[in-house]
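Q: Quick one: structure below, then a few questions.
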Amino acid sequence: MRSPLRLLLSVPLAFLIVPPARAAELPKVTKVELQPLAAQVQRVADALDFVGSPLPAADKDALHKAAADSDQSRAIEAIQSVLDKHCLAGVRIGKNNELDIEPGPARAELAEQGWRVFLIKVENAAGLSNVELRPSSPNALPMYRGSSGRPDPKVVSVGEVAHRFLDLMMFNTQPLIRHLSGLELEYRVLQIYCRDSGRKEAQLAFGLWRDTDKARPLATSNPLAIAIDSLPAVLVSLRVVDADGRPTTGSLVFRDQRGRVYPSQSRRLAPDFGFHPQVYRHYGETVALQPGQYTVTYTRGPEYQTLQRTIIVPAAATHTETFELKRWIHPAAKGWYSGDHHVHAAGCAHYESPTEGVTPEDMMRHVLGEDLDVGCCLSWGPCWYHQKRYFEGKTNALSTADHLLRYDVEVSGFPSSHCGHICLLRLREQDYPGTKLIEDWPSWDLPIFRWAAWSASRIAAGGSTSAAPANCRISPCRPWTASAPTNTWWTSHITCAISSPRWIRRRSGS
């Protein structure tokens, strides 16, 4: 499980924010050796080719000529004249490791749902090496906070989401290296993703980090305010067609030529989740993509083939693509029905901010996109008090004749959790009799089993399940040990379906 992401309401700034950046020339560096500078600059040019943002041919020719110039001073100035115009900012590392930032000549032209590449000029007067230059911005803070496991988490305002529209990433792999070289002048490659379109103001800062201290940077710069223009994406309409020719919902993964996933996982909120690469789209729904070539992997759960093809998104306002799904097996045609009886309503990879987990609408999209005949969404410890509001004691109203969604309970995060995690399916009531808080539940599992067993008999008789006798016998419970031996059942999940096992509606209507 990934580490919980921390969502911050605000970022207190104890320093002055630089006014919005305007195009400006960066100071020229004169005290640097030509040969190592030319070598580093060539690697930067190669890196720009690799990320799909090559320098113009005239700029490449000028760099080659400068590298071969016998006049070192003239060559160093020529290199900077070529590359500085592509710099979004310049960073200067002072003798005492102080870090300053200033705007560069390059305009901050970004793209909705796309990446753009810029250079950062680094003047390293301190000669620091073995440190990493990292970008930061309050506009690139995490979109959500992962589950803390609390049943009543403190939720951060959803209004903060609108301010977090950027992703920042330094390109530090081959042919470049992650650490600064210690050379008095070098250039770094900064990649910026923008979720939104239009004019915005963003803040950009940098920090120096050592591998030996991952908790705090060696130095940080003041933030630089930058006015950006983000070009709108192409709205791609997706015609997802089932194996029988009918419109349906499918699972799709969009990757560009560098393997980057769209929409960016770090900028997603429901109904698109950041903890898996796919998005689920019904026939006629859309995804926003910049013009270019993409590889699309599409399927609809394990009963379908996983197919892949390349699409070209043109420079247009809208575009349409059709994806025809193919089955490799159809168990329901022979009376077998697929399902997932253990879907967490919140917690694990879900988030508790800016909302407490996800909604039934989001869950139903996943049920349809994976072609589950039955999806059992279990409220448990994390976000319990919020998620329990979705319990209906019956099949969820969003269900279709072929795809059922139902909310029930996993007894995990409760006082009895040390005895095993019980999955209680098809409940009529979700609270153990006489309880209002999680802490009120029994501290061991036997009373819960007795209540579940008694509830099953009362359901069959059409009676109430609000109270259970203490001496009720356990009968309809079936233990399931996912990974532990049967004699250590208390460490495993126990599934207890308190009704007849034929609770799935048949496609034939029987």
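The values are calculated or read from the model by the stated rules, or taken from the named source; none is laboratory data. This one's a predicted model, so the numbers in the text were calculated from it and none came from an experiment. Here the Cβ is made from the backbone with ideal geometry for all residues, glycine too, and neighbour counts use every protein chain on show. Side chains included, ligands, DNA and RNA excluded: accessible areas come from the protein's heavy atoms. Shrake-Rupley method; radii C 1.70, N 1.55, O 1.52, S 1.80 Å.
Q: Counting only DSSP beta bridges with both residues in the stretch 226-351, what percent are antiparallel, rounded to the nearest 5?
A: 75 percent
Q: Please work out the Cα center distance from the stretch 28-59 to the stretch 251-277, rounded to the nearest Å.
A: Centre-to-centre (Cα) distance: 32 Å.
Q: Still on this structure, please answer the following. Farthest toward the dipole's positive end in the stretch 310-395, which of Ser379, Val358, Trp336, given Cβ charges of +1 (Lys, Arg) and -1 (Asp, Glu) about the Cα centre?
A: Of the candidates, Trp336 comes out farthest on the positive side.
Q: Restricting attention to the stretch 342-402, which GluC sites (Glu not before Pro) occupy a DSSP loop and are surrounded by at most 16 other Cβ atoms within 10 Å?
A: Filter output for the stretch 342-402: Glu392.
Q: Quick one: Kirkwood hydrodynamic radius for the stretch 136-197, alpha-carbon pairs, angstrom, one decimal?
A: 14.9 Å is the Kirkwood radius here.
Q: Mind running the shape call on the stretch 14-159? Use the C-alpha gyration tensor, a ≥ b ≥ c as the square roots of the eigenvalues: rounded below 1.5 for a/c, prolate if a/b tops b/c, oblate otherwise.
A: prolate
Q: Does the stretch 241-339 come out rounded, prolate or oblate by the C-alpha gyration tensor, with a ≥ b ≥ c the root eigenvalues, rounded set by a/c under 1.5 and, if not, prolate when a/b is larger than b/c and oblate if not?
A: Taking the square roots of the gyration eigenvalues as a ≥ b ≥ c, the stretch 241-339 is prolate.
Q: Would you mind counting up the charge near Pro232? Only other residues with Cβ under 11 Å from its Cβ, with Lys and Arg at +1 and Asp and Glu at -1.
A: Cβ neighbours under 11 Å give a net charge of -3.
Q: Just to confirm the filter: which chymotrypsin sites (Phe, Trp or Tyr not before Pro) across the stretch 338-402 are DSSP coil and have at most 12 other Cβ within 10 angstrom of their Cβ?
A: Here no chymotrypsin sites (Phe, Trp or Tyr not before Pro) fit, given the DSSP loop and packing criteria.
Q: If you don't mind, another one. For His418, His282, give me the order by solvent-accessible area with a 1.4 Å probe, most accessible first, ignoring ligands, DNA and RNA.
A: His418, His282
Q: I've got another one for you. Can you give the FRET efficiency to the nearest 0.05 for Lys85 and Thr286, using r as the Cβ-Cβ distance and R₀ = 45 Å?
A: E between Lys85 and Thr286, to the nearest 0.05, is 0.80.
Q: Using 0.36 nm per residue, how much length does the chain from Ala24 to Arg150 gain when fully extended, once their Cα-Cα distance is taken away?
A: Extending this stretch completely gives an extra 40.3 nm.
Q: Right, something else. State which entries of Lys60/Lys85; Lys388/Lys436; Lys154/Lys214; Lys31/Lys121; Lys28/Lys85; Lys31/Lys95 exceed 18 angstrom in Cα-Cα distance in the structure shown.
A: From Lys60/Lys85; Lys388/Lys436; Lys154/Lys214; Lys31/Lys121; Lys28/Lys85; Lys31/Lys95, over 18 Å: Lys154/Lys214.
Q: May I ask which residue of Asn396, Ser417, Leu446 lies farthest towards the positive end of the charge dipole of the stretch 387-446, with charges of +1 (Lys, Arg) and -1 (Asp, Glu) on Cβ and the Cα centre as origin?
A: In the stretch 387-446, that residue is Asn396.
Q: Once you have the alpha carbon radius of gyration of the stretch 78-231, what is it after dividing by 2.2 N^0.38 Å, with N set to its residue count?
A: Against the empirical 2.2 N^0.38 Å value, I get 1.13 for the stretch 78-231.
Q: Also, quick follow-up: Quick one: accessible surface of Arg260, probe radius 1.4 Å, all protein chains present, in square angstrom to the nearest 10.
A: Around 50 Å² of this residue is reachable by solvent.
Q: Follow-up question, since we're still on this one. How would His179, His163 rank on accessible area, largest to smallest, probe 1.4 Å?
A: Sorted descending by solvent-accessible area, the residues read His163, His179.
Q: Taking the Cα-to-Cβ direction at Thr212 and at Ile312 and moving 7 Å from each Cα, how far apart do the two end points lie in nm?
A: Here the modelled spin labels are 5.4 nm apart.
Q: Okay, next question. Report the one residue of Ala62, Gly104, Gln80 whose Cα lies farthest in the direction of the positive end of the charge dipole of the stretch 43-173 (charges on C-beta: Lys and Arg +1, Asp and Glu -1; origin at the Cα centre).
A: Gly104
Q: Right, here's the next one. Roughly how many debye, to the nearest 20, is the charge dipole of the stretch 96-208 about its Cα centre, given +1 on each Lys and Arg Cβ, -1 on each Asp and Glu Cβ, and no other charges?
A: Roughly 460 debye for the stretch 96-208.
Q: Separate question: Computed FRET efficiency, Cβ-Cβ of Val158 and Asp46, R0 35 Å: what is it to the nearest 0.05?
A: Calculated value: 0.20.
Q: At 1.4 Å probe size, with no ligands or nucleic acids counted, give the accessible surface of Lys28 in Å², nearest ten.
A: 80 Å²
Q: Using the basic label-point model (7 angstrom from Cα toward the beta carbon), what is the Glu98 to Ser237 distance in nanometres?
A: Output for this residue pair reads 5.9 nm.
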